[in-house]
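Structure first, then comments.
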């Protein structure tokens, strides 16, 4: 340790025996590698892994286990058509055969997904739920993937809007984790809209005929179970 004398309490600073023990130990043991590893793997949440993230999860109050429903698409017939959503049966060369019902949708999050959940819960713990604060939190969590912002959609109603396709884990964090905050008494929807691949009007930055698909039913999800 550098400057080990600065770590000794003043009342013991003149003790030759204590100082000899501390300085001898410090000379013998090099804690540099341990300190660097501790800061990287546990202390810094942006680089923490495994056990380090489990510690942070307990601090902010979220589990690594999360209900993550899978968006499954399978081969099927026209008679089974339901809607334009991603879960409707697809024709040949577009989807695999049905693989049986999944026993559970509860999964143990990998480090990257758990880190995002931890940061979302940490921000929810301290937010004042104003629009600027919520926008800042969304941009911190999702800014590397595209634009994310809050839209006021009516009286006591709002939407979290993402101009890119959310992953299954991101949908689960937003809908099932109670880690995303909302103002008390406000109705909330989650809207995921990929502008580069969705058909619509030019004024909205969407794509023309033959260049994009219709906005799917799964693109807007009710999120009123979020914490207030």
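The values are calculated or read from the model by the stated rules, or taken from the named source; none is laboratory data. Quick caveat: nothing in here was measured; it's all calculated off a predicted structure. Note: ideal-geometry Cβ built from the backbone for every residue, glycine included; neighbour counts use all protein chains shown.
Under 12 Å from the mean Cα position of the chain (by Cα), in a loop (DSSP other than H, G, I, E, B) and either surrounded by 13 or more Cβ atoms within 10 Å (Cβ to Cβ) or in contact (Cβ under 8 Å) with a residue 60 or more places away in the chain (or both), is that true of residue 166?
Judged against the criteria, residue 166 is a match.
In region 148-162, what residues are in contact with a helix residue (DSSP H, G or I) (Cβ under 8 Å, 6 or more places away or on another chain) and either at positive phi or surrounded by 14 or more Cβ atoms within 10 Å (Cβ to Cβ) (or both)?
The answer is 148, 149, 150, 160, 162.
Take residue 157 and decide whether it is in contact (Cβ under 8 Å) with a residue 24 or more places away in the chain and either outside the structural domain of residue 181 (by TED's automatic domain parsing) or within 22 Å of residue 193 (Cα to Cα) (or both).
So residue 157 passes the test.
Out of 12, 51, which single residue is assigned by TED's automatic domain parsing to the domain that holds residue 165, at pLDDT 80 or above and more than 30 Å from residue 192 (Cβ to Cβ)?
Going through 12, 51 in turn, just one is assigned by TED's automatic domain parsing to the domain that holds residue 165, at pLDDT 80 or above and more than 30 Å from residue 192 (Cβ to Cβ): 51.
Please find, within region 169-187, the residue that is surrounded by the most Cβ atoms within 10 Å (Cβ to Cβ) out of those that are in contact with a helix residue (DSSP H, G or I) (Cβ under 7 Å, 6 or more places away or on another chain) and in a helix (DSSP H, G or I).
Among those that are in contact with a helix residue (DSSP H, G or I) (Cβ under 7 Å, 6 or more places away or on another chain) and in a helix (DSSP H, G or I), it is 173.
When you scan region 207-217, how many residues do you find that are surrounded by 15 or more Cβ atoms within 10 Å (Cβ to Cβ) and either modelled with pLDDT under 70 or within 19 Å of residue 169 (Cβ to Cβ) (or both)?
The qualifying residues number 3.
Yes or no, residue by residue, for (1) modelled with pLDDT of 90 or more; (2) out of contact with any helix residue (DSSP H, G or I) (no Cβ under 9 Å at 6 or more places or on another chain):
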| position | (1), (2) |
| --- | --- |
| 122 | yes, no |
| 144 | no, yes |
| 166 | no, no |
| 189 | no, yes |
